[in-house]
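Step one of this worksheet: look at the structure below.
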Amino acid sequence: MAKAKTPSFILELGLEVSVHEEAELNSRFEAARQLYNACLNEAKRHLELLRQSKEYQQARSMPRTENGKPNKERTEAFKALNTSFGFTEYHIHAYATEIRQSWINDHLDSSTAQKLATRAFKAVKRIAFGQAKRVRFKGKNQLKSVEGKSNKTGIRYK
């Protein structure tokens, strides 16, 4: 029996903020944009290092399927390579934590930084799987949303 999907809704509310509050929000979005771009660059760098390795070329030459089933050896080889070259979501999380030990720490909490790192890693992972040709870095005022891991974290309006 299949589970029924519950519909998800997005509610956007406009905020009436003072000049000071607007400046604070702008600085937080700028910090988020710079952290996202740094994580995106780090993930791209690790993917490029991975793709240049001889081990990666050997893993790519393995057959994708064996007897109609996915080749487990190939999958394990790619997992091991991703870990050894630091092309994992958790490595990008650690990088985001490292980057946050600067002025960014005053503007973003850790769960928001990890969510931005996850967002950047997923974008680069699409390149790795051939679902995208390139990723785009965010320019000034191009980052439209920031989220935390739960409703209790992130930028909250009180």
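Relative contact order for the chain using alpha-carbon pairs under 8 Å, separation at least 6, rounded to a whole percent?
31 percent.
I need the phi-derived Karplus couplings for region 136-141: 6.51 cos²θ - 1.76 cosθ + 1.60, θ = phi - 60°, integer Hz, Gly and Pro marked x.
Once θ is set to phi - 60°, the couplings for region 136-141 become 10, 7, 7, x, 3, 6 Hz.
Length gain on complete extension for the stretch residue 57 to residue 137, per 0.36 nm per residue less the alpha carbon to alpha carbon distance?
Stretched out fully, the residue 57 to residue 137 stretch lengthens by 26.0 nm.
Between residue 10 and residue 66, what is the label-point separation in nm under the 7 Å Cα-to-beta-carbon projection?
If labels sit at residue 66 and residue 10, their model points lie 4.4 nm apart.
Go through 122, 140 and list them by solvent-accessible area, largest first, probe radius 1.4 Å.
Result, largest first: 140, 122.
In a Debye calculation with equal point scatterers on the alpha-carbon sites of region 47-86 and no solvent, what is log10 I(q)/I(0) at q = 0.33 Å⁻¹?
Each listed q corresponds, in turn, to -1.11.
Taking the Cα centre of the chain as origin and charging only Cβ (+1 Lys, Arg; -1 Asp, Glu), how large is the dipole, in debye to the nearest 20?
840
To one decimal place, what Kirkwood hydrodynamic radius in Å is obtained for region 91-158 from all pairs of distinct Cα atoms?
13.2
How do 19, 124 stack up against each other in accessible area, from largest to smallest, with a 1.4 angstrom probe?
Greatest to least solvent exposure: 19, 124.
With a 1.4 Å probe and all protein chains in place, put 22, 42 in order of accessible area, largest first.
22, 42
Using helices alone, I'd like the mean residue ellipticity at 222 nm for the chain: each DSSP H run of four-plus residues gives -39500 (n - 2.57), total over residue count, nearest 500.
-18000 deg cm²/dmol
May I ask you to give the percent of accessible area on the chain that is carbon plus sulfur, with a probe radius of 1.4 Å?
Looking at the chain in its full context, I get 50 percent from C and S.
If only Cα atoms are counted, what is the Rg of region 51-131, and what is its Dmax, in Å?
16.3, 55
When the Cα centres of region 18-52 and region 90-104 are compared, how far apart do they sit, in Å?
Centre-to-centre distance over Cα atoms comes out at 10 Å.
The values are calculated or read from the model by the stated rules, or taken from the named source; none is laboratory data. Being a predicted model, the structure only gives us computed values, none of them experimental. Every residue, glycine as well, gets a Cβ built from its backbone with ideal geometry; the counts of neighbours run over all protein chains shown. Protein only, heavy atoms only, side chains kept; ligands, DNA and RNA dropped before computing areas. Shrake-Rupley method; radii C 1.70, N 1.55, O 1.52, S 1.80 Å.
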